[in-house]
Amino acid sequence: MDLPRACYLPDGDDGYVATALTIGPWDPGLQHAGPPAALLARAVERTGGIPDGQAVRLAYDVLGPVPVGPVRVTARVLRPGRRIELVEAALEAGGRTAMRLTAWRMRTRDSAATATPPQPFAVGPEEARSAAFDVFSEEVAYHRALEWRAAAGSLTTTGPAAAWTRPLCELVEGEPMTPLEHLLVMTDAASGISTEIDWSQATFANVDLVVALFRQPAGDWLGMDAVTTLGPGGAGQCAADLHDRRGRIGRSVASLFVEPREEPTPRRTGLDGARPRS
């Protein structure tokens, strides 16, 4: 199977064209929020004024669907500082702002003497099961951007789940995907692997995503241990612990807008042979 080399192709100074690797699960014409979240994080890291600073909180607002096609990313420093800064980035598509990110970045220093000991995940990527996060209508879509391994639960059935991933492509053509970019490509899928409702019966798109980190991700393999909780009024929340090989690096939380499908879609069988269950 021929796959695009990257999620995005450069198009001018601040423009990009999304490839099929950004296609999301709800509509083949719309992007999964993971790749644009990573594109915004890339802009924040390049715009920040603290050399070798680290992002400690990335707060995304999803203002509308992001079409698969041309996008434009801009960024600026809202609150400059030598030790702490606040950076904002925005993604425009179709003449409107579709996603926005505000990120706190901090100066780094050696504090290993007082650091909390690492908390490794119980199942490493080598012990995890090869799996497919395959709930997409298109053969080439977001799920092909990463290699997926299930560490707990299943990526195609309901309930809490944990997964390891590593990049199978670049974020922007010609650039290796950084661990922070990889983390954002992956983390928006936490509600997908831990869904509590059948994909064929309802949609549960997130309107935001907050990633809080006490240590920067490192290495090729990153993981998430996710739980989704559904409320009684049509809202849900997904929370996940985020890991690299050394241990936990932070947490994410997302607010979900849950809505029944007007016409339930046919059930699709995942590549690992499991069927979603309600």
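Each value in this text was obtained by applying a stated rule to the coordinates, not by laboratory testing. Please read these numbers as outputs of a predicted model, since none were measured by experiment. Note that each Cβ is placed from the backbone with ideal geometry, even for glycine, and that neighbours are counted across all protein chains shown.
About its Cα centre, what dipole magnitude does the chain give when the only charges are +1 on Lys and Arg Cβ and -1 on Asp and Glu Cβ, stated in debye to the nearest 20?
Details: 28 positive and 34 negative charges, 190 e Å.
In debye, rounded to 20, the chain gives about 920.
Taking amide hydrogens as modeled 1.01 Å from N in the peptide plane, which residues meet the under 5 Å criterion relative to Ala162, leaving out close sequence neighbours?
Answer set, sorted by chain and number: Ala151, Ala152, Gly153, Ala226.
Amide H to amide H, which residues 5 or more places from Val68 or on other chains are under 5 Å from it, using H placed in the peptide plane?
Leu30, Gln31
List the residues, sorted by chain then number, that are 5 or more residues from Glu170 or on another chain and whose placed amide H is less than 5 Å from its amide H.
Residues meeting the criterion, in which the H sits 1.01 Å from N, are Ala6, Cys7.
Once a ≥ b ≥ c are taken as the square roots of the eigenvalues of the Cα gyration tensor of the range 118-169, is the result rounded (a/c under 1.5), prolate (a/b larger than b/c) or oblate (a/b not larger than b/c)?
Numbers: a/c = 2.69, a/b = 1.51, b/c = 1.78.
Oblate shape, in that a/c is at least 1.5 and b/c is the bigger or equal ratio.
What's the exposure ranking of Ser200, Ser252, Ser130, going from fewest to most Cβ atoms within 10 Å? Let's see the in-between values first.
Values: Ser200 15, Ser252 24, Ser130 10.
Going from sparsest to densest Cβ surroundings: Ser130, Ser200, Ser252.
Going by a ≥ b ≥ c, the root eigenvalues of the Cα gyration tensor, does the range 8-156 fall in the rounded group (a/c under 1.5), the prolate group (a/b larger than b/c) or the oblate group?
On the way: a/c = 2.55, a/b = 1.08, b/c = 2.36.
Note, shape of the range 8-156 comes out oblate.
Over the chain, what is the relative contact order in percent, taking alpha-carbon pairs closer than 8 angstrom and at least six residues apart?
Details: 711 pairs, mean separation 53.5, N = 278.
Once normalised by length, the contact order is 19 percent.
Sort the range 88-224 into rounded, prolate or oblate with this rule: let a ≥ b ≥ c be the square roots of the eigenvalues of the Cα gyration tensor; rounded if a/c is under 1.5, and if a/c is not under 1.5, prolate when a/b is larger than b/c, oblate otherwise. Please list the in-between numbers first.
On the way: a/c = 1.62, a/b = 1.13, b/c = 1.43.
It is oblate, given that a/c is not under 1.5 and a/b is not larger than b/c.
Please tell me the relative contact order of the range 63-160 in percent, rounded to the nearest whole number, where contacts are Cα pairs under 8 Å and at least six residues apart.
Working: 119 pairs, mean separation 17.7, N = 98.
Reported relative contact order: 18 percent.
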